[in-house]
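Comments concern the structure below.
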């Protein structure tokens with residue numbers, strides 16, 4: 001692809017990210033010069049505990065999962081994000097994830113900004129800084145809600161709510177690309193427990209199960225369980 005076409009493609013992508021919506025054409029061109037596009041495969045670790053590099057990732061395509069590992073080796077998913085948002089290990093934006101991993105759960109396309117460029121952008125465009133604060137606040141609320149669910153709600157309730165959330169994200173009754181292990185980690189339980197619960201949902205004709213695929217047969221029934 002010609003260089004000019006690549007630059008135009010990157011600028012068009014950046015303009016679709018909410019936090020950059022007020023930037024002028026000249027500022028977007030500067031963003032093009034100071035960011036790099038990158039692709040990565042599923043399973044890429046962007047950062048892990050004790051990493052010191054500070055960069056900001058702007059996710060265009062794919063999904064990224066934040067998680068921690070307990071002393072017993074159990075994986076606890078803190079949050080999962082999709083296209084059109086930001087993440088990174090950068091104290092200036094309030095994204096302190098020193099004890100967490102960030103890993104791609106799908107193939108990803110993203111832009112990368114250095115701490116210097118993020119600082120310059122925040123100082124020159126207060127509206128961008130405000131939107132970044134909103135993104136981080138929403139992510140903190142999501143994490144707190146997830147921890148509350150794990151503390152007070154049953155596995156069937158959490159798993160039913162997760163399936164309904166994925167149904168909305170996929171835009172239909174077929175959910176694909178998730179193993180039983182993925183679902184277990186997302187609700188904070190063991191794979192065997194998640195599999196048993198899914199089989200109970202299947203026996204009650206709430207879902208049908210295929211290879212890395214779940215079909216929602218009775219969303220109303222799952223809603224009842226999710227509201228318990």
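The values are calculated or read from the model by the stated rules, or taken from the named source; none is laboratory data. The structure presented is a predicted model; accordingly, all values stated were derived computationally and were not measured. Reconstructed Cβ throughout: ideal geometry from the backbone, glycine too, with neighbour counts over all protein chains shown.
For the condition modelled with pLDDT under 85 and crowded, with 19+ Cβ neighbours inside 10 Å, what is the one hit in 113, 150, 133, 97?
Numbers: 113 fails: modelled with pLDDT under 85; 150 fails: crowded, with 19+ Cβ neighbours inside 10 Å; 133 fails: crowded, with 19+ Cβ neighbours inside 10 Å.
Of the residues listed, the single one that is modelled with pLDDT under 85 and crowded, with 19+ Cβ neighbours inside 10 Å is 97.
Looking at (1) within 18 Å of residue 188 (Cβ to Cβ); (2) at pLDDT 85 or above; (3) surrounded by fewer than 13 Cβ atoms within 10 Å (Cβ to Cβ), which is the only condition residue 73 fails?
Unmet condition: (2).
Select the strands (runs of 3 or more DSSP E) contained entirely in region 79-180, then report the ones holding at least 2 residues which are outside the structural domain of residue 57 (by TED's automatic domain parsing) and touching a helix residue (DSSP H, G or I) at 6+ places or on another chain (Cβ under 8 Å).
Numbers: elements: 85-87, 101-104, 108-114, 174-176.
Per the criteria, 174-176.
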